[in-house]
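Peer 1: I'd like to ask some things about the structure below.
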Amino acid sequence: MKLFIDSADIDEITQAYSYGVIDGITTNPSLIKQAVLHQKSKSIEGDLQSGDIKILDMKSYLDSLFVVAKQTPISLEVRGGTADEMYAQARALYSKFKTKFNCVVIKIPINSQIEEFSDVDEMQGLQVIRRLSHEGIPTNVTLIFSPEQALLAAKAGATYVSPFVGREDDFIRSNAGLTYDKNAYFEPEENLSDNGIESGLELVRDIVTIFTQHGFQTQVLAASLRNPRQVREAALVGAHVATVPLSVIKAMVRHPKTMEGMVAFTKDFVSEYDELFK
Ligand code: G3P
C-alpha cells in the first residue's frame, strides 16, 4: 500500500518526506487555506525565515511542493461547477505544473452540485473524468461516500477514487445522534449504517471488492483517515493508497511498550558494546 501525506503545509510535507516512506501528496481547498493562514500568521509575527516560500504566490508555493515530492503524485483540486468549467480548471492546473513535474493528479468531485435544486447537472463530474482520462490526465475522484459513486468514477476512467473514511463515520454517528470525538476509531454498531455501509472502512472494503471482482484498474485511495488503526484497516481491506496527516503518521510509530523497551535497552548498554560505535 502506498502512503501519501494529506497536507498542503510545506514544512509538514518536507518533514514527512524526510522519513523516506511517503509516496505522494493529497491537497484539498481546506488544506491549502490552512497553509495560507499558517504562512500569513508566520509573516505577521515576523517568523518567516528568509528561505520560507511566500504562499501568496501560489504557483511558486506549489512548485516548491513538487520539488519536495520528487515526481511522486500530487493531487490538486478543481473548484467545481459545470463540466466545461472543471475541464478548463483541470487543464490550467495540469499545464502549469506538467512540464517540470510530470506527476500532477487532478482532483474532481464525484458530484459538483452545491445546492439541492441548482441547475448544475449532477453528472458533470463524470463527464470531466472521462474527458481527462481520454487525454491521459490522471484523476483523483474525491468526496466518495458510496460504492456506487466509486463504481461510476471507475467506469469513467478515474485513476484514483477517494472514499472519506472519517467523514463517513461522522455521518453515521451524527445521524444516530451520538456524541463523538472525530479522531477516535469508530467501531461499527448494530443497526447503524449509511444505506447499508456501517463505517468508513466498510466503504473502502466494498469499493476494493467491487473493483477486484470486476477488474477495474482504478486505485482506491483511503482518505479522511484520522488515527493509526484506520490506516491499518485500510491496508487490511486492500486499499492501494492511504493518505494521512502528519500527526497520524507520527502516531503510527508509537507504542507504550516500544518506549518501555527503549528505556530498558538504553540503560543496559554496556561500555564494551559502546566501543563498537566508535
Ligand atoms: O483527504 C481528505 C481529507 O483531507 C479530509 O480529512 O479529517 O477533514 O475529514 P478530514
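Peer 1: What's the number of the only condition in (1) assigned to a loop (DSSP other than H, G, I, E, B); (2) more than 21 Å from the chain's Cα centre (by Cα); (3) buried (at least 17 other Cβ atoms within 10 Å of the Cβ) that Ser118 fails to meet?
Peer 2: (3)
Conditions tested, residue by residue: (1) crowded, with 23+ Cβ neighbours inside 10 Å; (2) part of a loop (DSSP other than H, G, I, E, B); (3) within 15 Å of the ligand (Cβ to nearest atom).
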position	(1), (2), (3)
Glu148	no, no, no
Leu151	no, no, no
Pro163	yes, no, yes
Gly166	no, no, yes
Gly177	no, yes, no
Ala184	no, yes, yes
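Peer 1: Looking only at the stretch 198-227, which residues are within 18 Å of Thr142 (Cβ to Cβ), more than 10 Å from the ligand (Cβ to nearest atom) and under 14 Å from the mean Cα position of the chain (by Cα)?
Peer 2: Val204, Gln219, Val220
Peer 1: Go through (1) surrounded by 11 or more Cβ atoms within 10 Å (Cβ to Cβ); (2) touching a helix residue (DSSP H, G or I) at 6+ places or on another chain (Cβ under 9 Å); (3) farther than 29 Å from Ser30 by Cα for His214 and report which single condition fails.
Peer 2: (1)
Every residue, every condition in (1) over 18 Å from the mean Cα position of the chain (by Cα); (2) under 21 Å from Thr159 (Cα atoms); (3) surrounded by fewer than 21 Cβ atoms within 10 Å (Cβ to Cβ); (4) of a type outside the set (Lys, Arg), yes or no:
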{"residue": "Ser7", "(1), (2), (3), (4)": "no, yes, no, yes"}
{"residue": "Lys40", "(1), (2), (3), (4)": "yes, no, yes, no"}
{"residue": "Gly46", "(1), (2), (3), (4)": "yes, no, yes, yes"}
{"residue": "Val78", "(1), (2), (3), (4)": "no, yes, no, yes"}
{"residue": "Thr82", "(1), (2), (3), (4)": "yes, yes, yes, yes"}
{"residue": "Ala88", "(1), (2), (3), (4)": "yes, yes, yes, yes"}
{"residue": "Cys103", "(1), (2), (3), (4)": "no, yes, yes, yes"}
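Peer 1: If you don't mind, another one. Residue by residue through the stretch 224-276, note down the ones that are farther than 20 Å from Phe211 by Cα, in contact with a helix residue (DSSP H, G or I) (Cβ under 7 Å, 6 or more places away or on another chain) and part of a helix (DSSP H, G or I).
Peer 2: Selection gives Pro228, Gln230, Leu246, Val248, Ile249, Ala251.
Matching residues to (1) within 21 Å of Met123 (Cβ to Cβ); (2) of a type in the set (A, V, I, L, M); (3) at pLDDT below 95:
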site: Asn140; (1), (2), (3): yes, no, no
site: Phe145; (1), (2), (3): yes, no, no
site: Ala153; (1), (2), (3): yes, yes, no
site: Ala158; (1), (2), (3): yes, yes, no
site: Pro163; (1), (2), (3): yes, no, no
site: Ala184; (1), (2), (3): no, yes, no
site: Thr212; (1), (2), (3): no, no, no
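Peer 1: Give the stretch 228-278 a look and list any residue that's touching a residue at least 12 places away in the same chain (Cβ under 8 Å), away from the ligand (no atom under 16 Å from the Cβ) and β-branched (Val, Ile, Thr), or say none.
Peer 2: Residue satisfying the conditions is Val237 alone.
The values are calculated or read from the model by the stated rules, or taken from the named source; none is laboratory data. Computed from a predicted structure; not experimentally measured. Note that we place each Cβ from the backbone using ideal geometry, even for glycine, and neighbour counts take in every protein chain shown.
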